[in-house]
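S.K.: Input: one structure, supplied below.
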Amino acid sequence: MIGSMSGSVPAQRAGGGRPSRCAFRGALVLGMLGLTLSLVALWLLGSSPVAVAVILALLGLCTMGMASSLQHRVVSLAGPGAALAQSLPASAANVGVATGAAVGGLAISGFGAPAAVAVGALIGVVAIPITMATGRLRPVLDRVAEPPSGARRE
């Protein structure tokens with residue numbers, strides 16, 4: 001909680017507002033990259049209490065720094081369904097928490113606590129290119145509808 005809050009406030013001040021609306025792709029990719037690198041650092045330096053404290057603050061900065069960009073991106077892509085789409089980021093986060101807890105628990109039971117951090121970093125490595133690819137999506141209102149073949153244009 002402390003790591004999340006220590007990262008949340010500066011991230012929202014620095015990355016929220018106009019930058020999160022205009023440069024969402026960069027904010028999301030940079031956040032995922034920072035999150036993944038923080039997990040790798042936690043895996044490598046997890047035995048040092050001071051390093052863990054710093055890394056948890058970085059995790060909070062990266063995670064919470066993506067929140068406003070993600071929310072804006074989902075709503076902008078939804079077009080007329082924006083009101084309903086506002087619940088999707090929170091729903092996805094809840095699914096991620098539940099899935100992460102299950103996968104992390106399996107990793108811990110099989111290989112010990114550092115394995116859960118390593119699995120999180122691997123998930124981050126997979127998520128980075130997916131996050132980059134979502135930058136190619138265009139909002140519904142930006143898409144030009146083509147008339148059905150054979151239809152007359154007016």
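The values are calculated or read from the model by the stated rules, or taken from the named source; none is laboratory data. Bear in mind the structure is a predicted one, so any value in this text is a computation, not a measurement. Positions of Cβ are generated from backbone atoms using ideal geometry, with glycine treated the same way; all protein chains shown enter the neighbour counts.
S.K.: Determine whether segment 88-96 contains at least one residue that is buried (at least 20 other Cβ atoms within 10 Å of the Cβ) and more than 17 Å from ALA121 (Cβ to Cβ).
M.R.: Checked segment 88-96: no residue is buried (at least 20 other Cβ atoms within 10 Å of the Cβ) and more than 17 Å from ALA121 (Cβ to Cβ).
S.K.: Let me ask something additional. Could you list, in sequence order, all residues of segment 123-139 that are free of Cβ contacts under 8 Å to residues at least 40 places away in the same chain and surrounded by 13 or more Cβ atoms within 10 Å (Cβ to Cβ)?
M.R.: ILE123 - this is the single residue of segment 123-139 that is free of Cβ contacts under 8 Å to residues at least 40 places away in the same chain and surrounded by 13 or more Cβ atoms within 10 Å (Cβ to Cβ).
S.K.: Right, here's the next one. Give segment 8-59 a look and list any residue that's among the aromatic types (Phe, Trp, Tyr) and either closer than 19 Å to ALA113 by Cβ or at pLDDT 95 or above (or both), or say none. Break it down into steps so the answer makes sense when it comes.
M.R.: Of the residues in segment 8-59, the ones among the aromatic types (Phe, Trp, Tyr) are 24, 43.
Once the filter is applied, which keeps residues that are among the aromatic types (Phe, Trp, Tyr) and either closer than 19 Å to ALA113 by Cβ or at pLDDT 95 or above (or both), segment 8-59 yields only TRP43.
S.K.: For the condition of a type outside the set (Lys, Arg), in a helix (DSSP H, G or I) and at pLDDT 90 or above, what is the one hit in GLY79, GLY105? Break it down stepwise before answering.
M.R.: Working: GLY79 fails: at pLDDT 90 or above.
Answer to the check: GLY105.
S.K.: Restricting attention to segment 67-83, and to residues there that are touching a residue at least 40 places away in the same chain (Cβ under 8 Å) and of a type in the set (A, V, I, L, M, F, W, C), which single residue is surrounded by the fewest Cβ atoms within 10 Å (Cβ to Cβ)?
M.R.: Only one residue fits best here, namely ALA78.
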